[in-house]
1. For the chain, what is the accessible area per residue in Å² when the probe is 1.4 Å?
2. For labels at Glu206 and Glu246 in the simple 7 Å Cα→Cβ model, what's the distance in nm?
3. Which percent of the accessible heavy-atom area of segment 1-110 goes to carbon and sulfur, probe 1.4 angstrom?
4. Looking only at Leu150, Leu107, Leu258, which one moves most when the chain is put into a Gaussian network model with springs between Cα atoms under 10 Å?
5. Any idea of His292's accessible area? Nearest 10 Å², probe 1.4 Å.
6. Given a 1.4 Å probe and every protein chain left where it sits, what share in percent of the accessible area of segment 173-304 is carbon and sulfur?
7. For segment 106-114, just list the computed ³J(HN,Hα) in residue order, Karplus coefficients 6.51, -1.76 and 1.60, θ = phi - 60°, integers in Hz, with x standing in for Gly and Pro.
8. Where nothing but the Cβ of Lys and Arg (+1) and of Asp and Glu (-1) is charged, how large is the charge dipole of the chain around its Cα centre, in debye to the nearest 20?
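The values are calculated or read from the model by the stated rules, or taken from the named source; none is laboratory data. Not measured: the values here are computed from a predicted model. Neighbour counts run over all protein chains shown; Cβ positions are idealised from the backbone, glycine included. To get the accessible areas, we keep the full protein, side chains included, count just its heavy atoms, and leave off ligands, DNA and RNA. Shrake-Rupley method; radii C 1.70, N 1.55, O 1.52, S 1.80 Å.
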Amino acid sequence: MINIAIDAMGGDFREKPIIEGVIEALNVKPFNAILVGQSKILKPLIPQHLEKYIQYEEANEIFSMEENATDVLKRKETTIYKAIDLVKQGKAKAVVSAGHSGATMSLATLKLGRLKNVLRPAIATLMPNIKTNTLILDVGANTDCKVENLFQFAIMGEIYAKEIMKVKKPKIALISNGEEEGKGNELTKEAHQFMKQIPNFVGNAEGRDIFNGSIDVLVCDGFNGNIILKSCEGVATAIFQILKSEIKKSLISKLGALLLKNSFYRLKKRIDWQEYGGAPLLGVDGCVIISHGKSDSRAIKNAIFQAINFSESNINQVIENELSKYS
């Protein structure tokens, strides 16, 4: 069975939701979980029937969200440092962390290294659309990008869509302020021309195209990508709060909501980021899944499944092979 290193104490809510997520995942599919943290705290949380799937890696320090990401390189006793190190040593195939995302990214890039021909790794995340999902990258790893970076994000996104999302011919687009080829800033216009080398490149896309199902992969720099991600999270939360407020205003609305209860539940599930678990860091020599600091057990469970699917694929080798054609 595959070994997955879990940063068991790095999230906003410490070990409770993380261990609950590990338990939920193990109840669905067995794997070897290496829990990185204080075993005296973690062991009592594991049911007896699942103990055979659990190992412990002692780590007494937690890298807090307030610390500078680059300082993690000096903090060798932290949970995230030791979790990444397990992958580096070959003791684990993947790492899942809901801790400091910048620290996770810095450690993964410097300790695991980049794949051959990859200039910069990118964080990729899924957004629901009216058909399936849209993969967006980068959503925070690189605030300033060059044309070559955006081009490589497109290649890595295309491969992830094929290998993990099982989209045979993913449609790749570049975020811009208009669909026309001449729209955008200098970086976007130059990147558009460069991306024409990719057979599945369909041109520019606007923000609305994330949700209408017209594209499968959207490429952007980490600055704009992170704004898109956080804005969408905020909009989804606001819509449900407004809807709940409006329903409470009349008896007819309440009765209508009762009839639509199952539909509302399915909608909420589709747009809930917890359902997607975490974001893979594409371009590093290993598998690193970055989860939201506020992840609940469901998100951790889904992040673990992402890690398993990624590790059982050949995606990193495919990325290296594909990028070598353009080097």
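1. On the way: 15810 Å² over 327 residues.
Value returned for the chain: 48 Å² of accessible area per residue.
2. Between Glu206 and Glu246, the simple spin-label model gives 2.3 nm.
3. Reported share for carbon and sulfur atoms: 49 percent.
4. Leu258
5. Probe radius 1.4 Å; accessible area of His292 about 60 Å².
6. In segment 173-304, the share of accessible area belonging to carbon and sulfur is 58 percent.
7. Couplings: 4, 4, 4, 5, 7, 8, 7, x, 8 Hz.
8. Taking the Cα centre of the chain as origin, the dipole is about 1040 debye.
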